[in-house]
Each structure stands twice: as C-alpha cells, then as structure tokens.
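What follows is a set of notes on a single structure, which appears directly below.
Each reported figure results from applying straightforward, stated rules to the coordinates on display, with no laboratory input. Everything quoted here is computed from the prediction, not taken from an experiment. Cβ: placed from backbone, ideal geometry, glycine included. Neighbour counts: every protein chain shown.
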Amino acid sequence: MRRIGRFQFEPVSAPTGGWTLAVSAGAILAAFLCAGGIFWAFGVSPSRAYATVFLGTLGDARTAPEIVRQTIPLLLCGVGLLVAFRAQFWNIGAEGQLLAGAVAAAGVGLFLPLPPSLTIPAMFLAGCVAGAAWGLLPTLLRLRLEVNEVISTLMMNYIAIFAVEWLIHGPWKGQESRGFAYTDSLPQAAWLGLIPGTRIHWATLAVGLILAGGLAFFLGRTILGFQIRALGQNPAAARYAGIDPLRTTVVAMMISAGAAGLAGVGEVAGIHHKLLAPEQISLGYGYAGIIVAWLARGSPPASILTALLLGLIFTSGDVMKVTLQMPFRVTDIFNGLILFFLIGSERLLQYRVRVRKP
Amino acid sequence: MIPELILTTIVRALAVGTPLLWASLGEIYAERSGVVNLGVEGMMILGAFLAFAVAHTTGNPILGLAMAGIVGGLAALIHAFVSITLRANQYVSGLALAMLGLGLAGVLGRAYEGIPLLNTVPEVSGLTFLGVLLAAAMWFVLHHTRPGLILRSTGESPATVDALGIDVTRVRYVAVVFGGILAGVAGGFLSVAYRPSWTEGMTGGMGWIAIAIAIFAGWDPLKAVWGALFFGALYYLSFRLQTWVTPEALRMMPFAFTILVLAVTARNRRGQGAPEALGIPYTSGAR
C-alpha cells in the first residue's frame, strides 16, 4: 500500500471498468498535452492546432464521416490483432497482411471473369485468404523454429510493400494509367456501395462490426477461444492441460491476418477502385491497429470505440496537413505518445485509489 | 569485371554495413542486460535528422554525429523509463518509440528536406573502423571483464545479480541508453556520410534489420561485424544488379534474407540462445 498526500493506493487483483476507463482517458489526455508541446516547438500554437483540428473534424459535417471511413480498416486490423495478442503472438505484420488482401481483391476484380453478383463476395474471400496466407509463414517459423515473430512479421510488411510496387510498375500496370504507376480501374461490379455523401463503404464497416461481436463471443464462449486465452496467459499450464500450441496459435493468427486482409479489400473496393502505391492504400492502418488492440485491453467490442479514436487521429492528420501545413507523419507522434502513456499508466490499474478523510 | 565487382561490393558493403553494425552493437548490449528495444528505427531516424540539422547549421558534421548520439540516448531513456521503471511491456514500448521517432523526425525535419550538405564525412571512414574496433572492445568487455559479467548476468538471472547487491535497474538503464547512443550515431552516419542529405523515412527499415543482426549474431558483438557486412553487401547488390533483375525484387532482398537467415540459424542456436530474462521486467523481491 502506498500513500501520496490524502490518496491511498491499495493493490487489487482486477480493476473495475470505471477505473480502467478513467486511467485510459487520462493517458490519452496526457498524450494530447505532450503532443501540444511538440506543436509549440514546431511553431504552431497548441490551442490553435487543437481548435483547427476539432473544427475541421468533428465540427465539420463534411469531414466528420471521414472519421468513420478511416475507422473501418483500423477496426478490422485492430480487432484481429487483439486475438493474436491474446495468444501472446506479436503480430506486427497487419500492414503487410492488409496489402496482401488489397492485391488479392484487385486481382479478382481485374482478371477473374465472374458474374457481377459474385465479384464482391469473391473479393472479400480472396482478400481474407491472402491476408491469412501472408501471416502463415511467420506463424510457422515461430512455432517450428522459434524465429522471433516481431521481426519476421515486420519483414513481411516490407516484402509486401515492394511486391505491390512491382505489380503496379510491372505486370499489372494499367493501359489507361499513362505514366502513373497504378492498375486499370476495377469494373463497376467490383465497387462497394457508399453511404450517400460520404466515403463510408458500409459493407466493410458491417463486416468489421460483425467481426467484433463474433470475436467477443468466440473468445468468451467457445472452447477454441478459451484455449487461445489460456495459451496467452500461461503457455506452460496450457500445454499441460492438453492445449495444442501449434493449432491454437495458427487459428489466432489466421483470424488476425485474415481480418487485416479484409481491411485491404475494403480500401481497394470501397475507396480507390484500383491497386496503387502501397503508402496510398494504407496510411499505416496496420501499425495503428496495434494501438486499437492494446487500448481495447483485449475486448473486441471495446475495439470499436478505440478504432473510432484512432480514426479521429488519422482524420486530424489530414486536416493538419491541409490547414497547418504539417506533414501527415504527425499522426505517428500521436500514436507513439498514446502508446507510451497507455502502457506507462498500466500499473495504476493494479491499485484502487481511496481518498482518506483528513 | 568480376574482381572489380567483388572489390566494389566489399567497399560498398563496408559503407552500408557501418550504420547496421553500430545499431546492432547497441541492441546487443541492451538485450544482454535483458531489455529488448524495438525502437532502433525511431532512434536511428532521430539521429539522422539531428545530425543533418546540426551539420547543416554549424557546418560541422562531427558535431552532428555527436548530437545524433545524444538524441539517440535520450530516446532510449524514454524506453528505459517505461519498460524498466514502470515495468511496461518492452515490445509495445519499443514500437511506440519507433512510431514517435519517425513522427518527430518527419515533422521537425520538413524544413531540411532536399538541402544538400556541404561538409560531409567520407563514407568508409573512421566510423567504419571505429565500429569494428568497438565490436572487438565490446566483445572483450562482455567476456573478460567484471562489468561484462555483470551485464551478462543481469540478462540471464537478474535476481542473482540483485542478491549480490548490484542494482539491476541501473545496469539496465546504462545498457539501454548506451544502445540508444550507438543507434543515434548509426542514424547520423546515414545523413552526413552515406547519403549526405535528409529525407523523411530515410532509414527505410535498417533499424529492424539491425535488431535481426543482433539475434542471429547470437548476441555476440564480433559476429555482428559479419552480419553487418553481409547485409551491407546485400544492400549494395540490390542496387547494382538492377540491370538484370527488376528493382522491386532487389529492394525486397535484404528483408527476405532477414527472414531466411533467422530461419536457417534458428536451429543451431537452441540452448545457447537469447538471454534467459530477455523481455521480462524485474521486480526486486518478487518470485
């Protein structure tokens, strides 16, 4: 037990929901304050920066839907990563898995002669499979040869980036693109419907929401979900209990990588309608998904909220680029700071705070 | 033509290998103390940015490199505080550092984009030889001196070190900050020597490869020299072979080889692998 002034810290085994929320909110607030200091160093008044961002995102009826559209890939990447992290598998490769999904979706849309009604389902299926396949090699290497998955999944991201570059400069370069490096546009049948007046491709959003609900049920109520959680909490005990670490980790990772692949399908079929430069397909959704998952603290429904928060940050990055002439990289400052304050404040969750009467 | 190719490959491998060597040496000491620092990419890019900014403003590239080392050390200090003192997850803290470094350097460095640097450091220079000397010295310290023994023991069994009355936290802080200084200098080398200019994201994944080198060098500073040379050669060849192979496939090569090398060396390393307490925060008195 510790005492600071009138506040008394008592150790607890599990924090209450309210306390978790308060600590998380405090961490995010601290990160925003800290970022304000950085803006000030950059020569932008923090109050003006935040006022501009607020008016330009939540306060503007035209850009507010953009928050939701950025949320879609963040939710899909984040909710998947959450499952991998629960199994103690450090998948840092959602970025590459997203790109693999994008390539598969573009490939189906451009080259596979299908009846129009089947095109979009086939794209989602192919994207999910491609994302999962991209995540399979690091999974097997870790389980068979104990190759560190942080490094291998990261390397797969770079490989995916150059693979996309190769496709759009080489074999898939479009006839109509002239000098530019991107593929031809997908046929109309491969375009996802948008909510009128916005860029929200509702089908992918629905997939993300259903996945968040489904994974909550899967993790909490099914045997396989229980095995994933058990493996993550205590691998040795899980093994004694007869849980197959290979099978369980592969399942968790296929969910994670497949979900990231779906995010890639959404970006290609819902927004760009072609395959283009990797940094335009994903603005770093795969990496930001790590924060979505971590901030949600293992709960799939909570990841809907945390994805919205990250969506707000990404939209703010766009607003700051246009109105304050700041590079889009500014989002990485927010992301890094939030992550730092989030994990730094985690120890507060082990305590309960009581105010002592003087 | 072939002997000429081999010779230039070696020279260029030394040039590209220098930052890889410095960064991986730093990571080796940090990990030997039991702390993974995945923020190498972030510390390198901060070093690259500050070295360029200082060299451009003062005209003194050596001062730039020194400042790069300091900013790398300061960045590592954040990671040390969060992961050692606050005992947070080391992987996540390192990733946060990588993001923060890339973000800060990208935002603050915009004013320096596209400016050429007049006073530079030669590519294969003192830093290359200093790097090899440093590797030898670090190997000697690690295996033949008392501080080296303490460092290794802190990574293997912090409780034992603690029982001997040595401050585990201090050892880990020193090792992590030392690693950050080397990573900062490595980044600085990129912007004042290798490509004397500043471009956003110019480290291009080198930090991650440096971490991989630390792993498959078996946390041995001398073996890291060979690892750095190997990847230096790969980087050069991926540029040189463009006449025959598509450039994208070549630029993919260092990253694909990292996975390949990790997989191939994985089997031999069982048993004499990672420091036992790597990645585990230490709480004095807890079991």
Quiz item: Which of the GluC sites (Glu not before Pro) across the range A:110-191 are loop residues per DSSP, with 11 or fewer other Cβ within 10 Å?
Solution: A:E176
Quiz item: Want the number for B:T199 to B:W226: 0.36 nm per residue separation, take away the alpha-carbon distance, what's left?
Solution: 6.9 nm
Quiz item: Which of A:F162, A:V355, A:Q233 sits farthest toward the positive end of the charge dipole of the protein assembly as shown, with +1 on the Cβ of Lys and Arg and -1 on the Cβ of Asp and Glu?
Solution: A:V355
Quiz prompt | For the range B:62-104 versus the range A:88-112, the gap between their alpha-carbon centres in whole angstrom | solution = 31 Å
Exercise. Pick out, from A:L283, A:P301, A:G336, the residue whose Cα sits farthest towards the positive end of the charge dipole of the range A:218-358, with +1 on the Cβ of Lys and Arg and -1 on the Cβ of Asp and Glu.
Key: A:P301
Quiz item: Per the Debye formula with a single identical scatterer at each Cα and no solvent contribution, what log10 I(q)/I(0) holds for the range A:166-278 at q = 0.23 Å⁻¹?
Solution: -1.19
Exercise. Can you check what the net charge comes to around A:A257, using other residues whose Cβ is under 12 Å from the Cβ of A:A257 (Lys, Arg +1; Asp, Glu -1)?
Key: -2
Quiz prompt | Stretchable slack from B:L77 to B:L63, in nm (0.36 nm times residue separation minus alpha-carbon distance) | solution = 2.9 nm
Quiz item: Per residue, what volume in Å³ does the Cα convex hull of the range A:66-183 take up?
Solution: 139 Å³
Quiz item: Distance in nm between label sites at A:R144 and B:T9, each 7 Å beyond Cα in the beta-carbon direction?
Solution: 2.9 nm
Self-check item: Within the range B:2-269: Cβ-based charge dipole about Cα centre, in debye rounded to nearest 20 (Lys, Arg +1; Asp, Glu -1)
Solution: 280 debye
Quiz prompt | Distance (nanometres) between label positions extended 7 Å along Cα→Cβ at A:A236 and B:F129 | solution = 5.1 nm
Quiz prompt | Gain on full stretching of the segment that runs from A:F32 to A:L349 - 0.36 nm per residue minus C-alpha separation | solution = 112.0 nm
Exercise. Just report the Cα centroid separation between the range B:115-150 and the range B:176-191, whole Å.
Key: 11 Å
Quiz item: Between A:Q175 and B:V141, how many nm apart are label points set 7 Å from Cα along the C-beta direction?
Solution: 6.5 nm
Quiz item: Can you give the percent of C-alpha pairs in the range B:1-134 whose distance is more than 26 Å?
Solution: 32 percent
Practice problem: Scan the range A:1-94 for trypsin sites (Lys or Arg not before Pro) in coil per DSSP, keeping those whose Cβ has at most 13 other Cβ atoms within 10 Å, and list them by number. | Solution: A:R6, A:R62
Quiz prompt | Helical mean residue ellipticity (222 nm; -39500 (n - 2.57) per DSSP H run of 4+; nearest 500) of chain B | solution = -24000 deg cm²/dmol
Self-check item: GluC sites (Glu not before Pro) restricted to the range B:40-129 and DSSP loop, no more than 16 other C-beta within 10 Å
Solution: B:E113
